[in-house]
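A.B. asks: Supplied in structure tokens, the structure appears directly below.
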Amino acid sequence: MKEIETTWPELLHNTDSHNWYFNSPNGERYDSVVDRVTDWLESIKGRQKIIAVSHGLTGRVLRGVYNNLEKEQALKLEVSQSTFFKLADQNIERFSIEYDEF
């Protein structure tokens, strides 16, 4: 973050730790990601099973669109290297490979 603040201080104005990703020079804006994810969700309607892998930020937006969340809520959704999510029947189920030892 310090390098961004030093090199491109204007990128962090009027943003927070979840939203600043969409201010990168020539980067994709949140609304564009929402449109892309919404189009993709429409394109797979009616298919029985789909496995999709994405970067964490896209996964947040995807789950946010799926659950009709506001931008601020969607960008605060969990991102983890050990978790995946099942989206079905307007529900989102979380699965993790982490476990408590006995």
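A.B. asks: Out of residues 5 or more away from ILE92 or on other chains, whose amide H comes under 5 Å of its own, with H placed 1.01 Å from N in the peptide plane?
C.D. replies: none
A.B. asks: What distance in nm lies between label points placed 7 Å from Cα along the C-beta direction at GLU28 and VAL79?
C.D. replies: Taking the two extended label points, one gets 1.3 nm.
A.B. asks: How big is the Rg/Rh ratio for segment 38-78, C-alpha atoms only, Rh by Kirkwood, two decimals?
C.D. replies: Using only Cα positions, Rg/Rh for segment 38-78 is 0.99.
A.B. asks: Next question, about the same structure. Highest mean first, how do 35-46, 87-98, 61-72 rank when packing is the count of other Cβ atoms within 10 Å averaged over residues?
C.D. replies: 61-72, 35-46, 87-98
A.B. asks: Can I ask one more? What does the charge count near VAL79 come to, summing +1 for each Lys or Arg and -1 for each Asp or Glu among other residues with Cβ under 15 Å from its Cβ?
C.D. replies: Net charge around VAL79: +2.
Quick note: the coordinates plus some simple rules give every number you see, no bench work behind them. None of these values were measured; they are calculated from a predicted model. FYI the Cβ positions are ideal-geometry reconstructions off the backbone, even for glycines, and counts take in every protein chain you see.
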